[in-house]
Structure formats: C-alpha cells, structure tokens
Amino acid sequence: MKIFLDTANVQEIKRAVELGLIDGVTTNPSLLSKEGKEPVVQLKEIVKLVKGPISAEVVAKDADGMVREAIPLARLGKGIVIKVPLCEQGLVAVRRLAGQGIRTNVTLVFSSSQALLAAKAGASYVSPFVGRIDDIAGNGMALIEEIVTIFNNYLFKTEIIVASIRHPLHFVQSALIGAHIATIPFGVLEKLMRHPLTDRGIEAFNKDWEKLKSSLKK
Ligand code: E4P
C-alpha cells in the first residue's frame with residue numbers, strides 16, 4: 001500500500017520525506033488555509049520536496065472554472081494531480097481533464113456509487129473520507145471494502161486513496177482490505193511507528209547494556 005501525507009505543512013513533509021516512506025501528498029483548501037500562505041507559493045514549495053503525486057484542489061463551482069483553475073495548477077509540476085469535488089460539474093471537469101492528459105483525484109466521496117461514477121468519468125484516484133463517515137456513526141471502512149470490490153469487478157485502473165484517516169486502525173484496515181493508498185496526517189504517521197512495548201524494550205536493553213559496561217570497568 002502506498003502512503004501519502006495528508007498535509008500542506010512543509011516541515012511535516014520534510015520530516016516524512018526524510019523517513020523515506022512517503023509516496024505522495026494530498027492537500028485541500030482547509031489544509032492550505034492553515035498554512036496561511038499564497039496557495040500557489042505553498043504548492044511550489046511542496047513540489048520541490050516531493051517526487052510522487054501531489055493533490056491540489058480546485059474550488060470553482062462549474063466545470064469550465066474547474067478546468068481553468070486546473071491548467072495552471074497542473075503546470076506547477078509533473079506530480080500535480082488535480083483534486084476535484086464529487087458533483088455533477090466535477091465529473092464533467094474530470095472527463096475533460098482526463099482528455100487533456102491531466103490526472104485527477106475525485107474528493108469528498110461518501111458512497112460507492114459516487115466512486116463508480118468518478119472511475120467511469122476517468123478519475124486517476126478517488127478519495128473516500130472514512131473518518132467523516134465514522135464521525136456521523138457510519139462505517140467508513142465498509143465503504144472502502146465496497147469500492148475495492150467494485151473496482152476489482154470491472155478492472156478499473158482508478159486508485160483508491162483512503163482519506164480522512166483519523167487513527168492507526170484506519171491505516172491497518174485499509175491495508176487489510178487492499179486499498180491502493182492511505183493518505184495520513186503526520187500525527188498518525190508518528191503513531192504508526194510507536195509501540196509501548198518497543199519503547200519499554202529499548203529502555204530495558206539500554207539499561208542492561210550500561211550495567212554490563214560498568215561491571216566490565218570494575
Ligand atoms: C484528503 O484528501 C482529504 O482532504 C482529507 O483526508 C480530509 O480529512 P479530514 O476529514 O480530517 O478533514
């Protein structure tokens with residue numbers, strides 16, 4: 001499973017790139033807004049750091065506007081993937097962008113029918129939001145299972161990005177189900193590395209090592 005970092009924060013991206021585990025980045029207008037910089041300037045910085053796909057979202061309401069916004073964004077770098085919201089005009093824009101060879105990530109997907117339509121429209125990626133479904137007492141991971149089955153049934157090339165991941169269990173379940181990609185916030189990446197038994201084990205090994213060294217000095 002590929003791992004994308006779900007952030008627009010350059011420091012977080014630098015740390016994740018250094019780890020060598022990050023295959024791409026997803027941003028959205030809220031994440032870019034948190035950084036407080038001109039979005040294009042911020043995206044240019046991200047492009048310098050990341051080799052893989054970087055999702056940059058359009059905010060226009062109609063397909064013409066979305067395509068107009070997408071073209072200069074796509075020129076920021078080879079890795080740029082245009083994030084388009086799942087709506088009627090969004091699907092029209094996805095089809096047009098696919099025709100121009102511009103990759104898209106259809107976002108705000110909350111049902112398997114939406115995912116199927118996005119794949120048929122020519123989306124390179126779909127982003128179902130598991131955390132937001134769980135937030136309203138739904139079952140986000142059940143949606144991922146459905147989409148994986150549907151895409152396998154019809155051999156769609158569209159990749160599934162599990163988005164709105166809130167905790168390590170979402171990540172593990174994504175891998176068990178066979179989703180192509182999980183996009184995770186930096187905080188979740190940190191949690192994935194840690195285990196209390198690992199911390200306790202390191203501490204015990206270090207203590208015993210020091211004990212041995214001081215007994216050898218005597
Ligand atoms: C990523 O593509 C999504 O925009 C992001 O995962 C949404 O996460 P949230 O539901 O925590 O805002």
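Among the residues of the range 56-65, some residue qualifies, meaning at least one is charged (D, E, K, R), surrounded by 23 or more Cβ atoms within 10 Å (Cβ to Cβ) and in contact with a helix residue (DSSP H, G or I) (Cβ under 8 Å, 6 or more places away or on another chain). Just name the residue that is surrounded by the fewest Cβ atoms within 10 Å (Cβ to Cβ) out of those in the range 94-130 that are at positive phi and either part of a loop (DSSP other than H, G, I, E, B) or more than 16 Å from the ligand (Cβ to nearest atom) (or both). The selected residue is Gly101. Could we say that Val81 is among the β-branched types (Val, Ile, Thr), within 16 Å of the ligand (Cβ to nearest atom) and either part of a helix (DSSP H, G or I) or within 17 Å of Ser124 (Cα to Cα) (or both) here? Against the criterion (among the β-branched types (Val, Ile, Thr), within 16 Å of the ligand (Cβ to nearest atom) and either part of a helix (DSSP H, G or I) or within 17 Å of Ser124 (Cα to Cα) (or both)), Val81 qualifies. Considering each residue of the range 180-191 in turn, none proves to be surrounded by fewer than 16 Cβ atoms within 10 Å (Cβ to Cβ), more than 14 Å from the chain's Cα centre (by Cα) and not charged (D, E, K, R). Helices (runs of 4 or more DSSP H) fully within the range 1-51 that include at least 3 residues being at positive phi: none found. Just one of the numbered conditions (1) closer than 23 Å to Ile133 by Cβ; (2) surrounded by fewer than 17 Cβ atoms within 10 Å (Cβ to Cβ); (3) not basic (Lys, Arg) is not true of Pro85: (2).
Every number here is computed from the coordinates shown, using simple stated rules; none is lab data. As the structure is a computational prediction, the values presented were derived from the model and not from experiment. Cβ sites come from the backbone with ideal geometry, for glycine too, and all protein chains shown count toward neighbours.
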